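Scroll down for the structure; my scribbles are underneath it.
The values are calculated or read from the model by the stated rules, or taken from the named source; none is laboratory data. It should be emphasised that the depicted structure is a prediction, and the values quoted were computed from it without experimental measurement. With ideal geometry, Cβ positions are generated from the backbone for all residues, glycine too; neighbour counts draw on all protein chains shown.
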Amino acid sequence: MTATATRHTEILVVGAGPAGLAAATAAASAGAQVTVLDDNPGPGGQIWRSGIASASIAIDPARENAIREFRESNASLLPGRRAIDSQQPRTLRAFVEETGVIETITWDRLILATGARERFLPFPGWTLPGVFGAGGLQALVKGGYTIAGKRVVVAGSGPLLLAVAAHLQEDGAEIVTIAEQATLGSMLPFAIKLLSHPAKLMQGARYRATLSHVPYRTGCWPLAVEGTGKLAAVRLTDGTNTWTEPCDLLACGFHLVPNTELAVLLGCELHDDCVVVDATQRTTLEDVFSVGEPTGIAGLDAALVQGKIAGLAATNQATQAKALYKKRNREEAFGKALDRAFALRPELRSLAQPDTIVCRCEDVRFAQLQSQPSWTDAKLQTRCGMGACQGRICGAAVQTLFGWRNTSIRPPIFPVPLSALLSAPTSNEITQLQEPS
Ligand SMILES: Cc1cc2nc3c(=O)[nH]c(=O)nc-3n(C[C@H](O)[C@H](O)[C@H](O)COP(=O)(O)OP(=O)(O)OC[C@H]3O[C@@H](n4cnc5c(N)ncnc54)[C@H](O)[C@@H]3O)c2cc1C
């Protein structure tokens, strides 16, 4: 047997973002044995990602509280591990980056808190150096990438744009403009809804105050990136006028897409691209719960309360869980308002030109995809979605451009070195390990 490990836990949580941490802390409070695994080196997920460059992270009291409560609970964290597949019932395999081996974890109940990723849409020049995902650039800066003095255009859609712009500016960037594709009209009902969420309203107002000198243009979107070899400027339009903004970097993302690959692989049902859950956050599989962004993009507060409900429900604390339903439902309604406010405009479907790359892993261009009847055909004929990201980036793009949905998820859901796969125990060996000697 190679240096692989098999361990058992009563409750396994995948994802140590706000939702996973809340779920683990609540479940551990009932005395359950809880293990959390995450591919990052520490807890926090996207919003609470730890870093070395940003002064603003350390003073977030919500983050400090959640991580302290988690550390004080008996839940244990397995960082630097990526759940890749499930070969047997109640079993997950995780690839350990540091050691290059695959660990097998068996569980009684599973809570999927795998978060979301940014949606990227192709337009001419979007693959040039200097173009980043908005949240991706923020994560790089949190990790130490120096942005001081750089002129940055922030574009795309969703509340993340404001958060990213404020954060980048705090780290010394000059934000040239923020281009939000949604119209003021579609955002107005959302703004009114914010009145009943004063904390969120205050947060938005703080971002706007920080960025008071930066134009926030609604109904405005990127047409193309200009530059030879790297980005030099972004061409923007409001549908009537088109102009060019010279800049060093473009931070661009069109709201978020739920990470549902693991849920689909396990057999959980989806509706509208989100994991279907009942009032207790239980999926269509008896012992599998899902919380946070995989169940719908609704923000931090939704992630926290959903996590808590699932942690309580998974440890038979139904009454305590029920007491939180009202708050959860309110946060989910906020998420629905978010979806409506930042719905993508049809013009974004016609930004790509025949030679625009859509699948950047396999260099598949828009013209190659136009004649394909489905994503399966596109995959077979062009290799679209079959590269290293396994369709995580182009999948959301082709869904927007052509209406194709990826219905087949294949293990491993993340690339894993062949050496690790070859040295992992077989199903029979795992069964032998699980049997009492
Ligand atoms: C790039 C990005 C940046 C964001 N920045 C902000 C921000 O600045 N402000 C803000 O208000 N909101 C931000 N958000 C939104 C914010 O993440 C959500 O509102 C909310 O906090 C989500 O919590 P969560 O626990 O559901 O997911 P997340 O915080 O995304 O946590 C999910 C965790 O699961 C891990 N994971 C996923 N799949 C696996 C797997 N197979 N194996 C192991 N680990 C896995 C992920 O790496 C991640 O750590 C951001 C979102 C994204 C995608």
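Listing for the model above:
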| item | result |
| --- | --- |
| Filter result (β-branched (V, I, T), assigned to a helix (DSSP H, G or I) and farther than 16 Å from A199 by Cα) within region 292-331 | T295, I309, T319 |
| Sole residue being surrounded by fewer than 17 Cβ atoms within 10 Å (Cβ to Cβ), within 16 Å of the ligand (Cβ to nearest atom) and under 30 Å from C252 (Cβ atoms), chosen from D339, D363 | D339 |
| Breaking point among (1) more than 16 Å from the ligand (Cβ to nearest atom); (2) over 24 Å from L236 (Cα atoms), for S186 | (2) |
| Any hit, region 105-114, residues being in contact with a His (Cβ under 8 Å, 6 or more places away or on another chain) and among the β-branched types (V, I, T) | yes |
| Residue in region 122-131 that is assigned to a strand (DSSP E or B) and either charged (D, E, K, R) or within 12 Å of the ligand (Cβ to nearest atom) (or both) present | no |
| Some residue of region 238-247 being of a type in the set (F, W, Y) and either within 13 Å of the ligand (Cβ to nearest atom) or touching a residue at least 40 places away in the same chain (Cβ under 8 Å) (or both) | no |
| Pick from region 89-121, criterion under 30 Å from R345 (Cα atoms) and either aliphatic (A, V, I, L, M) or in a helix (DSSP H, G or I) (or both), ranking: farthest from the chain's Cα centre (by Cα) | L121 |
| Per-region count, region 142-195, residues part of a loop (DSSP other than H, G, I, E, B), among the hydrophobic types (A, V, I, L, M, F, W, C) and closer than 20 Å to F254 by Cα | 1 |
| Selection from region 375-407 of residues that are surrounded by 14 or more Cβ atoms within 10 Å (Cβ to Cβ) and assigned to a loop (DSSP other than H, G, I, E, B) | R383, C384, G385, M386, G387, C389, Q390, G391, R392, I393, W404, N406 |
| Qualifying residue in region 22-29 (condition: within 10 Å of the ligand (Cβ to nearest atom), closer than 29 Å to L168 by Cα, part of a helix (DSSP H, G or I) and within 21 Å of the chain's Cα centre (by Cα)) | yes |
| R282 being in the same structural domain as D39 (by TED's automatic domain parsing), in contact with a strand residue (DSSP E or B) (Cβ under 9 Å, 6 or more places away or on another chain) and more than 12 Å from the ligand (Cβ to nearest atom) | yes |
| Meets criteria (surrounded by fewer than 20 Cβ atoms within 10 Å (Cβ to Cβ) and at pLDDT 95 or above) for G144 | no |
| Close pairs from region 291-319: first within 10 Å of the ligand (Cβ to nearest atom), partner hydroxyl-bearing (S, T, Y), Cβ under 8 Å, at least 6 apart | G292/T114; E293/T114; P294/T114; P294/T260; Q306/T295 |
| Qualifying residue in region 16-23 (condition: surrounded by fewer than 22 Cβ atoms within 10 Å (Cβ to Cβ), at pLDDT 95 or above and closer than 27 Å to V257 by Cα) | no |
| Members of region 158-180 that are more than 13 Å from the ligand (Cβ to nearest atom) and closer than 21 Å to L223 by Cα | I175, V176, T177, I178, A179, E180 |
| Residue check, R151 surrounded by fewer than 24 Cβ atoms within 10 Å (Cβ to Cβ) and either within 12 Å of the ligand (Cβ to nearest atom) or acidic (D, E) (or both) | no |
| Qualifying positions in region 67-83 - among the aliphatic types (A, V, I, L, M) and not in a helix (DSSP H, G or I) | A75, L77, L78, A83 |
| Some residue of region 313-331 being under 30 Å from T242 (Cα atoms), at pLDDT 95 or above and over 24 Å from the mean Cα position of the chain (by Cα) | no |
| Inter-residue pairs, beta-carbon under 6 Å, first in the same structural domain as T284 (by TED's automatic domain parsing) and closer than 22 Å to A424 by Cβ and in region 99-119, second charged (D, E, K, R) and buried (at least 22 other Cβ atoms within 10 Å of the Cβ), 6+ apart | I102/R93; T104/R93 |
| Answer residue from region 95-143, given it is acidic (D, E) and touching a Gly at 6+ places or on another chain (Cβ under 6 Å) and is farthest from V416 (Cα to Cα) among those | E118 |
| Residues located in region 155-204, provided they are of a type in the set (G, A, S) and in contact with a strand residue (DSSP E or B) (Cβ under 9 Å, 6 or more places away or on another chain) | A155, G156, S157, G158, A165, A166, A173, A179, A182, G185, S186 |
